[in-house]
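Encoded as structure tokens, the structure appears first; notes follow it.
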């Protein structure tokens, strides 16, 4: 697997200006930020939709492996581009809670 270049940030226009204001708010520090990682498997050329209410921001590590589209109303579409694995981070809710996903694209 090639080296990761970094996170490509994808801005979401979910609710217009209020969403942008929410994005600029720093996440509250809670001391213990336990995040779990969910694995999502998608075939190359197909897609899978995730329900994530209150999405504020998303970031994908390797956009050439999986394309991410915000469809609105808390729906995030993951489209398999090429075989491989990448990381997806999603911030949601008024606390900007971060969720982590391992995206696996198969042939």
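When we screen 70, 66, 59 for residues that are more than 16 Å from residue 36 (Cβ to Cβ) and more than 10 Å from the chain's Cα centre (by Cα), the only hit is 66. Here is the figure for the stretch 55-84: residues that are in contact (Cβ under 8 Å) with a residue 24 or more places away in the chain, farther than 19 Å from residue 44 by Cβ and touching a strand residue (DSSP E or B) at 6+ places or on another chain (Cβ under 8 Å) total 7. The strands (runs of 3 or more DSSP E) found wholly in the chain include none carrying at least 2 residues that are at positive phi and either at pLDDT 90 or above or surrounded by fewer than 17 Cβ atoms within 10 Å (Cβ to Cβ) (or both).
The values are calculated or read from the model by the stated rules, or taken from the named source; none is laboratory data. Source: prediction; values computed, not measured. Don't worry about glycine lacking a Cβ; one is built from the backbone with ideal geometry, like all the others, and counts go over all protein chains shown.
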